[in-house]
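Structure, as structure tokens:
Computed from the coordinates by the stated procedures, all read-outs in this text should not be read as laboratory data. Keep in mind that what you see is a predicted model, and the values were worked out from it rather than measured. Using ideal geometry, Cβ is built from the backbone for each residue, glycine included, and neighbour counts are taken over all protein chains shown.
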């Protein structure tokens, strides 16, 4: 942990003005006022297209902006994380988040507030801690990766623009229930193997996903392990029971649910499965055989 990191170094705030249904863009003046009041030396960049935050973060490190703050939701943070992790200067970076998006699951791990002034106060304290980062092929994720049903839900969530947070996720769940729900996969963990049919596999570096579902409620972002929640083949009525239980992290006692921990996960399937990383939908080079790994204490994060 590092304390009292000076605010008078170069800070870059990467803002997704469309996050939170456009509400984030309306808070830029408030952000400027707060940063100026706290005497930050800063610049602000607005994202203009998908993956732009990745480009901005990578370029910022080349220009010696070593304090990079994502302003938006989990998708914005994911893009910034990928830009930082692609840089040779990633170890020098301190990453932060102002959770202002429609989904703010990663913020749960630190109890980060959805309030500009309070968030800037946290950054001003200068405290950072090393956290883990997940990786699948060339894609990085900081909070969660989902396969199967919840990835399909994430796809529908992307398409739903008039709701945010948990309501958007629940609406997307109802849409996904009408699709095919099960998939067969061979799973190899550090100390365990599965070869079965699944409803979903949720890989958690963090505790929460989907705007408030605690599928991996015991996950810790700095323990060098991925928590893996498997939910096996089941019917629609059971799904409707399991999902409300998952909101409170109470699903682990159900017979269809299995929770394991692993540093490495290998997955083989016979058909391409829907996959999401922090709500984003990556395209894999080999969607039928891939590995998921944890990079222990790979980033410094403000809290």
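Quick notes on this one:
- Separation between Cα centres of the stretch 113-135 and the stretch 200-215, rounded to whole Å: 20
- Relative contact order for the chain, counting Cα pairs under 8 Å that sit 6 or more residues apart, in percent: 21
- Secondary structure note: in the chain, about 70% of the DSSP beta bridges are antiparallel.
- The distance separating the Cα centre of the stretch 241-303 from that of the stretch 74-110 comes to 18 Å.
- Applying 0.36 nm per residue to the separation of residue 63 and residue 114 and subtracting their alpha-carbon distance, the gain on full extension is 15.5 nm.
- Backbone N under 19 Å from the residue 192 label point (7 Å along Cα→Cβ), restricted to the stretch 137-165: 144-150
- Placing a label point 7 Å from the Cα of residue 175 along the Cα-to-Cβ direction, the residues of the stretch 260-299 whose backbone N falls under 20 Å of that point are 273-283.
- Amide N of the stretch 199-216 lying under 15 Å from the label point, which is placed 7 angstrom from the Cα of residue 253 along Cα→Cβ: none
- FRET efficiency for residue 218 and residue 284, using Cβ-Cβ distance with R0 set to 25 Å, rounded to 0.05: 0.35
- Once the chain from residue 163 to residue 26 is taken as fully extended at 0.36 nm per residue, the excess over their C-alpha distance is 47.6 nm.
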